[in-house]
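Notes follow the structure.
What follows is calculated from the coordinates using simple rules that are stated; it is not laboratory data. Remember, predicted model here, so these are calculated numbers, not experimental data. Glycine also receives a Cβ, built like all others from the backbone with ideal geometry; neighbour counts cover every protein chain displayed.
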Ligand SMILES: Cc1cc2nc3c(=O)[nH]c(=O)nc-3n(C[C@H](O)[C@H](O)[C@H](O)COP(=O)(O)OP(=O)(O)OC[C@H]3O[C@@H](n4cnc5c(N)ncnc54)[C@H](O)[C@@H]3O)c2cc1C
């Protein structure tokens, strides 16, 4: 299950998270990834994982980007990260109060997690900026698998659109370029063939 909540009041100053309770984040993306695992309930009954993502300026955290030890960036960083994470959780339990007492493990990442683990230059969650310029006709034409360097291709979300699905389509476009094939067309044909076979094999199910 995924939820997307949006508000208009973006906090400008990260300090306010440390000084005030009840600050609302402008956007929360709430998902329960364990719900996608068909074996989860058998292995971990009555338990679930919950992932909450929000947006925040790189400037809030960038001064800790070059810490010698990314696991120990210092108390000030930890306090800020925790205050933002707690504000997010507070917003979630206002909507789902039954979750308030169910926390066994709580981990908080920041744009610096994406910076360190994904090499995202400014901690981006979804790659290239999603502004009007990003989707202009010119940039759409430039962001493609082909590059001027022979044998070097681009793939993933930045040549299509963000998220897992965007990244998968980016992969498909890239593989099509490398193989000189229209893989989207191949897949469409394969799906329609498979669909026809299945409906012939399962006439009773369809009739129901
Ligand atoms: C916390 C979080 C939660 C998310 N939740 C969702 C969600 O619920 N649904 C959704 O659709 N999307 C979600 N996303 C976004 C999604 O993960 C991305 O859109 C998607 O993974 C992009 O795929 P990609 O292959 O383009 O890039 P990535 O998955 O970022 O892969 C790029 C890879 O390149 C590696 N790399 C970078 N630089 C170098 C280098 N110089 N040398 C070698 N390797 C390098 C990185 O380490 C990384 O492994 C989430 C992202 C984050 C960070």
Legend entry - Relative contact order of the chain, pairs being alpha-carbon contacts under 8 Å that are 6 or more residues apart, as %: 12
Inset, instruction - Would you mind checking the tilt of helix 183-201 against the longest principal axis of the Cα atoms of the chain, expressed as 0 to 90 degrees and rounded to 10? - result: 70
Inset, instruction - Could you state the angle between the C-alpha long axis of helix 163-179 and the longest principal axis of the C-alpha atoms of the chain, as a value from 0 to 90 degrees rounded to the nearest 10? - result: 40
Legend entry - In nm, spacing of pseudo-spin labels at residue 67 and residue 129 (7 Å Cα→C-beta vector): 2.8
Inset, instruction - Go ahead and estimate [θ] at 222 nm for the chain from helices alone: -39,500 (n - 2.57) per DSSP H run with n ≥ 4, summed, over the residue count, rounded to 500. - result: -12000 deg cm²/dmol
Legend entry - Extension gain from residue 152 to residue 29, taking 0.36 nm per residue of separation minus the Cα-Cα distance: 40.9 nm
Inset, instruction - Quick one: angle between helix 75-95 and the longest Cα principal axis of the chain, in degrees between 0 and 90, rounded to 10, please. - result: 70
